[in-house]
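Worksheet: the structure to be examined is printed underneath.
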Amino acid sequence: PNKRTANERADKLDKPFFCPIVEVVELYGDLTKDFKLPQMLKFQGVATNKAGHPITGVTVTIESTEKLDKVFAGQLPLSVHCVTGKDGKFTSFLKAGNYNVKLEPPAETHLAEKHFGSMLIDQDRTKVYALEPGHQLSGRIVHKEQPLAGAKVTVTGAKIESSQWSDEEGRYCFSLPDNSYELQVSAQPHPLAQEAVAELAPWNGQVILDKDTEFVVEMDEGVLVSGRVLDPAREPRSGVLLAVYPMKVGADSPSSTARMPLAIGITGSDGAYDFRLRPNTYKLILNNQPSMAHTIHVAADGEDTDVTVEDVCLVTFEVTSEDDLPISNCLIFHEQYRAGEELQELSIEQIEPATTADDGKCSITVPSGIYAIYLRPPSESEFAPRHMRQLSVIKDMTRRIRLTRKSTTEAQ
């Protein structure tokens, strides 16, 4: 948000600042609450073309890579925006941490947007960003030949992941480097919409961009895909995060899915969920765990498709020191145990890790079975990684794991 100076380092200028901190506030009436910001760092840069000339009107989006342990907070778009002036410069103030940075030039410049992932901001920083030539990917989002406003349009490709919303005429426009891209479109609620957008299925497809390209996306009503998530005792499992991914052609594994989910949801108190999808084959993944991927075949006959996911176990880890002090930001990887095979960290890297919160706790959702577990504390911490070669999971469970200090491990 645009606020007055975050602290004295803001030089008393009205510059955007960003501090990705989420707090839960219980509100039962009027409330006055102060928020104390940490030390803020100056992050500034200059956007130019290849010849070094400054570019005006470049939108700079700075997004936090920090993972929040709260279910709904994890879905918040934690980002801040600023725009370059006539001198091509932008300035913002950030809390120390890692950020994704995206620069989007105006369409008339015929320059490509540029992305930087996991940029460490641990001190004041200034940098020149040279933007390369590119092409426009533009078009309209329509339904029954009528423009669809407010639809979310996402393109993903090599080092590119960019989203925007269609305008009142259903139009969108990206400026991108030449490449092949996956295009995804999801209808969003709109106050003036004439159609019930909840009935529309998300759309996905491939686009090869080697020149300015106009691409019209026709949105259709989807087939209802519904079901329930149950635990091993066939009791409903509420609060399970669900993500639907389109399958790549000729592939049938969790890693073969697209990078971005087409749709996300959460199970209710009865464990139920429902999506509207186009006829195709998809992966339904629970709680961001690829090991909990289920293939869904959606038929074109319009009949409801019921998918019941059973045998779901919740494993909660409590990671502490030998003094029983919680260890936060510890990554926990898991994979199915295979007898006679050595546990390899490289293979575990393919699985989305869970991260412990400030209380040292985190949870994963897995089918019952035997698992190999790898714990990796922050590299700057005093604790050593740990392997657990066999963890038997047959029901919901909580497991406390103590990590030894590096000095202790090295001495052994």
Place a point 7 Å from Cα of D178 in the direction of its Cβ. Which residues in the range 205-229 have their backbone N less than 16 Å from it? 208-213
For a quick check of understanding: with a 1.4 angstrom probe and all protein chains in place, what accessible area in square angstrom does S379 have, to the nearest ten? 100 Å²
Of the listed peptides 213-219, 147-153, what is their order by residue-averaged count of other C-beta atoms within 10 Å, with the highest listed first? 147-153, 213-219
H110 to Q146: FRET efficiency via 1/(1 + (r/R0)^6), r the Cβ-Cβ distance, R0 22 Å, to the nearest 0.05? 0.10
Charge tally in the Cβ shell below 9 Å around F317, where Lys, Arg are +1 and Asp, Glu are -1, F317 excluded: +2
Carbon and sulfur atoms: what percent of the 1.4 Å accessible area of the range 30-143 do they account for? 51 percent
Rg (Å, one decimal) plus Dmax (Å, integer) for the alpha carbons of the range 117-163? 17.0, 52
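The values are calculated or read from the model by the stated rules, or taken from the named source; none is laboratory data. For clarity, every value in this text was computed on a predicted model and none was experimentally measured. All Cβ positions, glycine included, derive from the backbone under ideal geometry; neighbour counts span all protein chains shown. These accessible areas exclude ligands, DNA and RNA; they are computed on the full protein's heavy atoms, side chains included. Shrake-Rupley method; radii C 1.70, N 1.55, O 1.52, S 1.80 Å.
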